[in-house]
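A.B. asks: Could you have a look at this structure, given as structure tokens, before my questions?
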Amino acid sequence: MYGKCLSIREVTIGFAEDQELRLRYEREVFGLYAVFERPEWAEEQSLELQREFLLCEEDIRLVQHISTPETGSRSTWEIYIRAGKGIRVLFLQRSA
């Protein structure tokens, strides 16, 4: 399980899709951990988190986000982690 690359779970394009995905992930109890400019950086960090916190692949989601053409159609890679695993994550909304 450890030591292999994680696959990209989903791809979002533009702010609206990214926000929709983030809210859906929050309902599934995943928060945003970090955003990277290069996919290999995100994969390396994901694998390091798996080893350090004994996470399984189902605890981590790697998402490619593509900005809109107006902002240059750049890609970033976002790491989402299941809450409650000892890692600080960011949520847009808090459940009541």
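A.B. asks: Applying the selection to the stretch 8-22, what residues are open to solvent by less than 70 Å² (accessible area, probe 1.4 Å) and either of a type outside the set (D, E, K, R) or more than 21 Å from GLY84 (Cα to Cα) (or both)? Break it down stepwise before answering.
C.D. replies: Quick first cut of the stretch 8-22, residues open to solvent by less than 70 Å² (accessible area, probe 1.4 Å) only: 10, 12, 14, 18, 21-22.
Once the filter is applied, which keeps residues that are open to solvent by less than 70 Å² (accessible area, probe 1.4 Å) and either of a type outside the set (D, E, K, R) or more than 21 Å from GLY84 (Cα to Cα) (or both), the stretch 8-22 yields GLU10, THR12, GLY14, ASP18, LEU21.
A.B. asks: Looking at (1) of a type outside the set (Val, Ile, Thr); (2) in contact with a helix residue (DSSP H, G or I) (Cβ under 6 Å, 6 or more places away or on another chain); (3) without any contact (Cβ under 8 Å) to a residue 12 or more places away in the chain, can you tell me which one HIS65 breaks?
C.D. replies: Unmet condition: (3).
A.B. asks: Under 6 Å by Cβ, and 6 or more places apart or on different chains, what pairs join a residue from the stretch 16-43 that is without any contact (Cβ under 8 Å) to a residue 40 or more places away in the chain with one that is open to solvent by 80 Å² or more (accessible area, probe 1.4 Å) and not in a strand (DSSP E or B)?
C.D. replies: From residues that are without any contact (Cβ under 8 Å) to a residue 40 or more places away in the chain, the pairs are GLU43/CYS5.
A.B. asks: Out of everything in the stretch 68-86 that is among the β-branched types (Val, Ile, Thr) and within 16 Å of GLU17 (Cβ to Cβ), what residue ends up being modelled with the highest pLDDT?
C.D. replies: Residue satisfying both the conditions and the ranking: THR76.
A.B. asks: Then there's this: Would you check if there is a residue in the stretch 25-32 being part of a loop (DSSP other than H, G, I, E, B) and either in contact with a Leu (Cβ under 9 Å, 6 or more places away or on another chain) or hydrophobic (A, V, I, L, M, F, W, C) (or both)?
C.D. replies: Yes, there is a match, as at least one residue in the stretch 25-32 is part of a loop (DSSP other than H, G, I, E, B) and either in contact with a Leu (Cβ under 9 Å, 6 or more places away or on another chain) or hydrophobic (A, V, I, L, M, F, W, C) (or both).
A.B. asks: Further question: For the stretch 43-67: of the residues being in a loop (DSSP other than H, G, I, E, B) and either of a type in the set (Lys, Arg) or open to solvent by 40 Å² or more (accessible area, probe 1.4 Å) (or both), which is modelled with the highest pLDDT?
C.D. replies: Step one: list which residues in the stretch 43-67 are in a loop (DSSP other than H, G, I, E, B), which gives 54-56, 67.
Pick out the ones that are also either of a type in the set (Lys, Arg) or open to solvent by 40 Å² or more (accessible area, probe 1.4 Å) (or both) and you get 54, 56.
Numbers: LEU54: 95, CYS56: 92.
Per the criteria, the residue is LEU54.
A.B. asks: In the set TYR33, TYR25, which member is at pLDDT 95 or above and open to solvent by 70 Å² or more (accessible area, probe 1.4 Å)? Write out each step before concluding.
C.D. replies: Working: TYR25 fails: open to solvent by 70 Å² or more (accessible area, probe 1.4 Å).
From the options TYR33, TYR25, the qualifying one is TYR33.
The values are calculated or read from the model by the stated rules, or taken from the named source; none is laboratory data. These numbers come from a predicted model, not from an experiment. Positions of Cβ are backbone-derived with ideal geometry, glycine not excepted, and every protein chain shown enters the neighbour counts. Calculation scope for accessible area: heavy atoms of the full protein, side chains included, ligands and nucleic acids excluded. Shrake-Rupley method; radii C 1.70, N 1.55, O 1.52, S 1.80 Å.
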